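Chemist: Pasting in a structure now, in structure tokens, and then I'll have a few things to ask.
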Amino acid sequence: MDKIEILGLEINKVSIFGLLFNKVMIIAYALLGLAFFGIYEIIEIRYFSEAANAHASGLDPTNPELREAMRLAVFGTVGEVNREIPWTLFIVNYMYMIYTGSGIIFLVALAELMKFHIVEKVAASFMIAGIAMVFAGLFTIATDLNILNMLSMFTSPNIGAGMWLMLPLYSVYIPFVLFEIYLILTNKRELARRLALPILVMSIGVDLVEYYIQAKLFSMNTARHLWTEFPGLMFYFIISAFVSSLGIMGVITFLVHKGKLEYKELMGLIRKAMLFFVSALALYEVFAYMAVDKDWTLIILFGEFKTMYFGGYILLTLALPFLLIFREGKPFLTVLASVFVIIGGYIGRYIFVYGGNANPMTDRFGTGYEKYDFYSVASNFNYAHPHLGEIFIVVGSIGVILAVYSLFDSLFSIGKLKDNH
Amino acid sequence: MNYAMALNYQNCINCKACETACKEENGVQLGADKQRIWIGITEGTIFGKPYINLYPSQCNHCLEAPCVSVCPTYASHITEGGIVKVDPSKCILCKGCMEACPYDARFVDDTMVAVDKCTFCDHRIDEYGTTACQATCPTKVRLFGDLDDEDSDIVQLLKTKKFFFQKEDAGTLPKLFYIVPDDEIYSRQSISHDTKIHTWNEFKPKYDAVRDARSKEWIR
């Protein structure tokens, strides 16, 4: 294929049609279509659902919109956000995408530092997948926030808040990773060689800072003891993210590098790494719930989440993958394990976010749970299904990953093996 | 000034006049869980005899407010008098404050697309010296006042009565003082033996120290 060179980057001369309407992009568009339908739904609920206050009923009592708002207030559910479960599927997806994507980038940098030459050759495809997942995570969180007031993040920053720290974090992180990818793809070998070591070390440093901030985001919520008492939350995020990241790397290897000579060696390396981190995560799960507040532990291990925890998370993330990759076998077993850890890892994030809110804050004096309303029943378990719009956005965020990956692949042939260093 | 509220919860008859007054006074959104204040209800038995406790609840306007620490834009902030408030024009709806609050005292007001909560009716303190919920309560459950004023009714009450807090272990130094009923031994059965009970003289130095440190950050 013809190429043009800009700043040492060899860019494929690809037609606009080939770039934007290839098979992968068509799938991405379909998924993004779902996402935009979800965004429409969420915007309608958030900004245009009928809501009224006591003053409105005094000012304009015959208004039909007020009547609908009153009907919803009495008989229906008002608004988008459930008071008892503020963080929902948006945060689950954000966590999963960002942590897993960063995990891929972290692992690639680590492997390069440790001189795994096979990883160096496929680093471009892994790194692009990682940054694409980060974009998908940010896409999800952007739809969750009230974008109309986002200017306050710049004009009135609380620099001690984990939520605010994400702004400078990703302002640095994304350009930094893109520069790393540039160094991998560029044919300015001398520059790449000179910068390789400091960039890799900084990359790992930035990743660690990212996981620290993410852990801070959760551990600052003093009332949610699943998050505040989970031992070494930052390391838990790192280890669990690595498991999912290796799953994604396994699937990418299968889809992109299957026909290549290095396929078996690469899968072997992923298998070993996955075995190590699955074992580490299993140990974490065994000991962590001994430290967490029993109210949360009981809900997750023996209460309403037990089926999802053992039948979903433990089985798919730890048990089945361990059995599949414990002994060296066919690479396909590693692919299968990769699929399991991808799904299981998502269930794990779901349990972590929803589990944090599952124990009601109304258990105030150790004498039982309070009711907010005289006619309601006191509940010792909080759960609310995500909105349909939320589900569409989450499914659609996969479209962001596919679109970013496809664009990079069309322009830079990232699927080809490279000898970078 | 350091505003707070004492609650003689044993007087509560669950008439919900306070909830209604709050919605009317502050233009709170209509809806079952869109409440700045509410009456929490616990039921149980003491040696086979059933009891019901009614705990009027709202934002505790904590001195160490976690909702303020987690807010990325200072939409959640503490104003003069130690009142925790939300500026809806700065709220990006990250819902971090709702997660951080140990009392579930915050909700999303869909008319403003921002988090909303109790403000101790700060707009009417100068004129009326109290909140709408206190003014409406027919059984004098609530007593609003300034903890820094030794002559205020609330301080006088706290000097003569023992009190406890909701979720004191969260370490947020809440400012809703629940007055222990006169029959302390019996009442302990329904508020748990683990609940710490305080006296004003024992508690004041701790409060003053944190107030002195924190009040510099209060927006005046």
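The values are calculated or read from the model by the stated rules, or taken from the named source; none is laboratory data. Because the structure is predicted, anything quoted here is derived from the model rather than measured. Virtual Cβ from ideal backbone geometry, glycine too; neighbours counted across all protein chains shown.
Chemist: Just the residues that are in a strand (DSSP E or B) and basic (Lys, Arg), please, taken from segment B:137-181.
Modeler: Correct list: B:142 only.
Chemist: While we're here: Within segment A:205-230, can you find the residues that are over 17 Å from residue A:295 (Cβ atoms) and not in a helix (DSSP H, G or I)?
Modeler: A:220
Chemist: In addition: Evaluate the following for residue B:191: is it within 17 Å of the chain's Cα centre (by Cα) and of a type in the set (Val, Ile, Thr)?
Modeler: Here the answer is no, as residue B:191 does not meet what is asked.
Chemist: Mind listing whichever residues of segment B:37-52 are over 17 Å from residue B:143 (Cα atoms) and either surrounded by 20 or more Cβ atoms within 10 Å (Cβ to Cβ) or within 17 Å of the chain's Cα centre (by Cα) (or both)?
Modeler: Listed by number, the residues that qualify are B:40, B:41, B:42.
Chemist: Right, here's the next one. In segment B:95-125, which residue that is over 24 Å from residue B:167 (Cα atoms) and assigned to a loop (DSSP other than H, G, I, E, B) is farthest from the other protein chains (Cβ to nearest Cβ)?
Modeler: B:112
Chemist: Any chance segment A:75-90 includes a residue that's out of contact with any strand residue (DSSP E or B) (no Cβ under 6 Å at 6 or more places or on another chain) and over 30 Å from residue A:224 (Cβ atoms)?
Modeler: yes
Every residue, every condition in (1) at the interface with chain A (Cβ under 9 Å from one of its Cβ atoms); (2) over 28 Å from residue B:154 (Cα atoms); (3) in a helix (DSSP H, G or I), yes or no:
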{"position": "B:18", "(1), (2), (3)": "no, no, yes"}
{"position": "B:24", "(1), (2), (3)": "yes, no, yes"}
{"position": "B:35", "(1), (2), (3)": "yes, no, no"}
{"position": "B:38", "(1), (2), (3)": "yes, no, no"}
{"position": "B:45", "(1), (2), (3)": "no, yes, no"}
{"position": "B:52", "(1), (2), (3)": "no, no, no"}
{"position": "B:55", "(1), (2), (3)": "yes, no, no"}
{"position": "B:84", "(1), (2), (3)": "no, no, no"}
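Chemist: Filtering segment A:348-370 down to residues that are at the interface with chain B (Cβ under 8 Å from one of its Cβ atoms) and among the β-branched types (Val, Ile, Thr), which residue is surrounded by the most Cβ atoms within 10 Å (Cβ to Cβ)? If you could, list the steps in order and put the result at the bottom.
Modeler: Here is the first cut: in segment A:348-370, the residues at the interface with chain B (Cβ under 8 Å from one of its Cβ atoms) are A:356-357, A:360-362, A:364-370.
Next cut, among the β-branched types (Val, Ile, Thr) only: A:362, A:367.
On the way: A:362: 24, A:367: 19.
Result: A:362.
Chemist: Can you find even one residue in segment A:252-262 that is charged (D, E, K, R), surrounded by fewer than 19 Cβ atoms within 10 Å (Cβ to Cβ) and in a helix (DSSP H, G or I)?
Modeler: Scanning segment A:252-262, I find no residue that is charged (D, E, K, R), surrounded by fewer than 19 Cβ atoms within 10 Å (Cβ to Cβ) and in a helix (DSSP H, G or I), so the answer is no.
Chemist: Still on this structure, I have one more. Which numbered condition in (1) assigned to a loop (DSSP other than H, G, I, E, B); (2) in contact (Cβ under 8 Å) with a residue 24 or more places away in the chain is the only one that residue B:134 fails?
Modeler: (1)
Chemist: Out of the residues in segment A:372-382 that are modelled with pLDDT under 80 and at the interface with chain B (Cβ under 9 Å from one of its Cβ atoms), state the one that is nearest to the chain's Cα centre (by Cα).
Modeler: So, considering only residues that are modelled with pLDDT under 80 and at the interface with chain B (Cβ under 9 Å from one of its Cβ atoms), the one nearest to the chain's Cα centre (by Cα) is A:372.
Chemist: Just the residues that are farther than 18 Å from residue A:273 by Cα and part of a loop (DSSP other than H, G, I, E, B), please, taken from segment A:291-335.
Modeler: A:292, A:293, A:303, A:304, A:305
Chemist: A follow-up question, please. Can you confirm whether residue B:128 is among the aromatic types (Phe, Trp, Tyr), under 23 Å from residue B:78 (Cα atoms) and surrounded by fewer than 16 Cβ atoms within 10 Å (Cβ to Cβ)?
Modeler: yes
Chemist: A further question follows. When you look at residue B:14, is it among the polar types (S, T, N, Q), assigned to a loop (DSSP other than H, G, I, E, B), more than 9 Å from every other protein chain (Cβ to nearest Cβ) and in contact (Cβ under 8 Å) with a residue 24 or more places away in the chain, yes or no?
Modeler: On the way: among the polar types (S, T, N, Q): yes; assigned to a loop (DSSP other than H, G, I, E, B): yes; more than 9 Å from every other protein chain (Cβ to nearest Cβ): no; in contact (Cβ under 8 Å) with a residue 24 or more places away in the chain: yes.
No: the conditions fail for residue B:14.
Chemist: Something else about it: Just one of A:235, A:242 is within 21 Å of residue A:98 (Cα to Cα) and surrounded by 20 or more Cβ atoms within 10 Å (Cβ to Cβ); which is it? Show your work before the answer.
Modeler: Details: A:235 fails: surrounded by 20 or more Cβ atoms within 10 Å (Cβ to Cβ).
So the residue among A:235, A:242 that is within 21 Å of residue A:98 (Cα to Cα) and surrounded by 20 or more Cβ atoms within 10 Å (Cβ to Cβ) is A:242.
Chemist: Then there is this: With respect to the numbered conditions (1) surrounded by fewer than 18 Cβ atoms within 10 Å (Cβ to Cβ); (2) within 14 Å of chain B (Cβ to nearest Cβ), which one is the sole condition not fulfilled by residue A:390?
Modeler: Here residue A:390 meets the rest and fails (1).
Chemist: Separate question: Kindly evaluate residue A:282 against the criterion of being farther than 30 Å from residue A:409 by Cβ and modelled with pLDDT of 95 or more.
Modeler: Criteria met by residue A:282.
Chemist: Still on this structure: In segment B:130-173, which residues are within 14 Å of chain A (Cβ to nearest Cβ), over 15 Å from the mean Cα position of the chain (by Cα) and among the acidic types (Asp, Glu)?
Modeler: B:169
Chemist: All but one of (1) closer than 30 Å to residue B:109 by Cβ; (2) surrounded by fewer than 20 Cβ atoms within 10 Å (Cβ to Cβ) hold for residue A:116; state the number of the condition that does not hold.
Modeler: (1) is the only condition that residue A:116 fails.
Chemist: Only one of (1) out of contact with any strand residue (DSSP E or B) (no Cβ under 9 Å at 6 or more places or on another chain); (2) surrounded by fewer than 17 Cβ atoms within 10 Å (Cβ to Cβ) is not met by residue A:402, so which one is it?
Modeler: Only one criterion is unmet by residue A:402, namely (2).
Chemist: Regarding residue B:196, is this residue outside any helix (DSSP H, G or I), over 20 Å from residue B:105 (Cβ atoms), of a type outside the set (Asp, Glu) and at pLDDT 90 or above?
Modeler: Working: outside any helix (DSSP H, G or I): yes; over 20 Å from residue B:105 (Cβ atoms): yes; of a type outside the set (Asp, Glu): yes; at pLDDT 90 or above: yes.
In short, yes.
Chemist: Taking residue B:219 as meeting all but one of (1) surrounded by fewer than 14 Cβ atoms within 10 Å (Cβ to Cβ); (2) farther than 19 Å from residue B:61 by Cα, write down the number of the exception.
Modeler: Here residue B:219 meets the rest and fails (2).
Chemist: Tally the residues that are hydrophobic (A, V, I, L, M, F, W, C) and under 13 Å from residue B:118 (Cβ atoms), restricting the search to segment B:18-49.
Modeler: Residues that pass the stated criteria total 6.
Chemist: Residues to consider are A:124, A:136, A:111; find the one that is away from chain B (no Cβ under 11 Å) and either among the β-branched types (Val, Ile, Thr) or closer than 21 Å to residue A:344 by Cα (or both).
Modeler: Of A:124, A:136, A:111, the one residue that is away from chain B (no Cβ under 11 Å) and either among the β-branched types (Val, Ile, Thr) or closer than 21 Å to residue A:344 by Cα (or both) is A:136.
Chemist: Moving to a separate point now. Of the conditions (1) more than 10 Å from chain B (Cβ to nearest Cβ); (2) without any contact (Cβ under 8 Å) to a residue 40 or more places away in the chain; (3) not acidic (Asp, Glu), residue A:147 fails just one. Which one is it?
Modeler: All conditions pass for residue A:147, except number (1).
Chemist: Another question, then. Can you spot a residue in segment A:40-51 that is more than 13 Å from chain B (Cβ to nearest Cβ), out of contact with any Gly (no Cβ under 7 Å at 6 or more places or on another chain) and touching a residue at least 24 places away in the same chain (Cβ under 8 Å)?
Modeler: Yes, that holds for at least one residue.
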